[in-house]
1. Note the full-extension length gain between Leu402 and Thr336 as 0.36 nm times their separation in residues minus their Cα-Cα distance, in nm to one decimal.
2. Need one number: nm distance between label points at Arg369 and Arg280, each 7 Å from Cα along Cα→Cβ, rounded to one decimal.
3. Would you mind ranking Lys156, Lys395 so that the residue whose beta carbon has the fewest other beta carbons within 10 Å leads the list?
4. Calculate one ³J(HN,Hα) per residue across region 241-252 by plugging θ = phi - 60° into the Karplus curve 6.51 cos²θ - 1.76 cosθ + 1.60, and present them in order as whole Hz with x for glycine and proline.
5. Using a Förster distance of 51 angstrom, determine the FRET efficiency expected from the C-beta separation of Asp358 and Leu26, and round it to 0.05.
6. Can you tell me the order of 133-142, 201-210 when each peptide is scored by its average per-residue count of other Cβ atoms within 10 angstrom, highest first?
7. Kindly state, to the nearest 0.05, the FRET efficiency for Lys395 paired with Leu192, given R0 = 60 Å and r defined as their beta-carbon distance.
8. Can you tell me the Rg and Dmax of region 327-406, counting just the alpha carbons, in angstroms?
Amino acid sequence: MLPEHEIDYEALINRSIKDFQPVKRLWPAGVRLVCWILLETAILSLAVWLRGYDSLRTLFHNHGQLVAAGLCISASIVTAFMALKSAIPGRELSWPQLAITIVVVAAAFGFELAGTPSNEIIEAAPPSILQLFGLAALPWLSLFLAVRRGVPLQPKVTGAAVGLAAFCFALALCQIISQPIRLPNSAIVLVLSCAAFIVLSALAGWFWLNWIACWQQKYVAAEISTNKWAALNAGTVFPLALGASIVALLFVLNPARHIARIPDFDLAIEGYERALVDFRPNIPSTSMETMLTAYVEHGMPAYMWDFGPEGFALVGGRWDPLPDGTPVTYTWFRGTKGGVMCMFRQTDAFNPPLLAHDEHHHLLFYRYRNFSLCLINVGGYGNFISVIAAPMPLKRFENLVLAATL
């Protein structure tokens, strides 16, 4: 009979005593999950507040995008719960469970693809890897710290689960702030970013969730080095990481960064803002007829809406060609609160911007820089477009423009 292996308990205690310290009671996995969901809710609310409530309106109008966001959030919550449970010895996470979550995310892409027009799928720019990482940073760090309170027996697998949960939340947030994931252009970006984030999270789990390896160090020097590294992490690295993750989230959510400049819309808005200060017609504007006659004499179409019945009086029109000689006209209607600007411009081709919009009777309605805008391709007069701009809610603006076209 082989002799039993003798355990040097004194040596074992001496090696592990440095890691013993008073700790608070570990909350159940369900309670910690609720706290993480509350954090997700706060981030979503902040995103909607910063980016505007029109993003929610666009989301609910696109059923594929809405289902995709719901599936991503569901996958995020389920994976976070599995990661929290895996921090309890005996409730380890398996790779098949992670594979099921990845299948759910793939289904989310399928629903988003089904609800997206083909022209937007081809031409819309996907979010960058850094943007996705910035959205996932704070949820990842908070979940990672919650898992670190336990003792994961599979630190790399648990770390991968934490990364997948945070990345799924970032994908859902992209849908909600009107930066939907477009396929197939963004397929490579998504695969690479998701794989990279999961791998980095698994490596973080290997280094900072592997308590068993820390406790099983055989040499005192190794123990001292490991303990100092862990102390550095807890005392310095994690607070710095928390601050960096908050900064990254706010930087990505900053609405000013995500507004792709649309020159025609900017032109109409600048005309509106100048008209509020001082609008002086430079063509005859005693009536709609005389103004349109003057426009025709300058090579512009005799095409205009009359917003007078809606309470906006005609002030007049201006013919102000661009520096390159492109003909442009501005027609200003003033109301008791603000006004309506109609801009006409000659163009080479009609290329409407690929933004979320409503379409009524071939009129395209957008929200841009806190303005509601209507884009029209004026047919029968050559290549001209018209942009109507007013800083009012989109639904009210749509009713105003549609009433003027009847």
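Laboratory data are not the source of any read-out in this text; all were calculated from the coordinates shown. This one's a predicted model, so the numbers in the text were calculated from it and none came from an experiment. Positions of Cβ are backbone-derived with ideal geometry, glycine not excepted, and every protein chain shown enters the neighbour counts.
1. Details: separation 66, 0.36 × 66 = 23.76 nm, distance 2.02 nm.
Using 0.36 nm per residue and subtracting the Cα-Cα distance, I get 21.7 nm.
2. 2.4
3. Numbers: Lys156 18, Lys395 12.
Ordered by Cβ neighbours within 10 Å, fewest first: Lys395, Lys156.
4. In residue order, the calculated couplings are 5, 4, x, 5, 5, 5, 4, 4, 5, 5, 5, 5 Hz.
5. On the way: r = 51 Å, r/R0 = 0.99.
Taking R0 as 51 Å, the efficiency between Asp358 and Leu26 is 0.50.
6. On the way: 133-142: 23.5, 201-210: 20.7.
The densest-packed peptide leads the list: 133-142, 201-210.
7. Values: r = 40 Å, r/R0 = 0.67.
The pair Lys395/Leu192 has a calculated efficiency of 0.90.
8. 12.4, 37
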